[in-house]
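Student: Shown below is the structure under consideration.
The values are calculated or read from the model by the stated rules, or taken from the named source; none is laboratory data. Because the structure is a prediction, the values reported are computed rather than measured. Backbone-built Cβ (ideal geometry, glycine too); neighbour counts: all protein chains shown.
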Amino acid sequence: MIEITPSFHIDERELHFDFIRAAGPGGQNVNKVATAAQLRFDITNSPSLASDHKGRLIRLSGNRVNADGVLILEARRFRTQEQNRADAIQRFVELIRKALTPPKPRKKTRPTAASKAKRLQGKRVKGAIKRLRNKSFDLE
């Protein structure tokens, strides 16, 4: 079990890891050893997440989620599989934590009278500048 918060856990069996070759430092070793970790998590079929959490997670993940609703995180920062696997899990946990916190509701506000007056004054000034541009002067 992966602990996201003290009261929320995700079963490790829901995560699938593939190891691929990574670019970057490593010399000849980089062409032979698959050290980059690719974490896959099926958001749409996950029994651990509620539907509102799934929607927020998909929105937060952006283009890291494919058309089937599978989140793909790649970790290739380190030279070893173990470190990259741990890095992928850590990034996954942070992403899930963000998705679990509901967004703060927006409070409706109205513009103040002073801000309305300032906006209208600015419009008057711009209009006056444009009117002055259109005048043609006769120099006779």
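Student: So, in region 31-62, exactly how many residues are within 25 Å of Pro103 (Cα to Cα) and outside any helix (DSSP H, G or I)?
Tutor: Initially, region 31-62 is screened for residues within 25 Å of Pro103 (Cα to Cα), giving 41-62.
From the residues that got through so far, the ones that are outside any helix (DSSP H, G or I) too are 41-50.
Residues meeting the conditions: 10.
Student: With (1) out of contact with any strand residue (DSSP E or B) (no Cβ under 8 Å at 6 or more places or on another chain); (2) loosely packed, with under 15 Cβ neighbours inside 10 Å; (3) modelled with pLDDT of 80 or more as the list, and Arg56 as the residue in question, which single condition is left unmet?
Tutor: Only one criterion is unmet by Arg56, namely (2).
Student: In addition: Within region 104-140, which residues are assigned to a loop (DSSP other than H, G, I, E, B) and either in contact (Cβ under 8 Å) with a residue 24 or more places away in the chain or hydrophobic (A, V, I, L, M, F, W, C) (or both)? Write out each step before concluding.
Tutor: Start the filter on region 104-140 by keeping residues that are assigned to a loop (DSSP other than H, G, I, E, B), which leaves 104-112, 135-140.
Those that are assigned to a loop (DSSP other than H, G, I, E, B) and either in contact (Cβ under 8 Å) with a residue 24 or more places away in the chain or hydrophobic (A, V, I, L, M, F, W, C) (or both): Phe137, Leu139.
Student: Taking into account only those residues within region 63-92 that are free of Cβ contacts under 8 Å to residues at least 12 places away in the same chain and not in a helix (DSSP H, G or I), which is surrounded by the most Cβ atoms within 10 Å (Cβ to Cβ)?
Tutor: Going through region 63-92, the residues free of Cβ contacts under 8 Å to residues at least 12 places away in the same chain turn out to be 63-64, 66-67, 77, 82-83, 86, 90.
Applying the additional criterion that residues be not in a helix (DSSP H, G or I) yields 66-67, 77.
Working: Asn66: 10, Ala67: 5, Arg77: 14.
This residue is Arg77.
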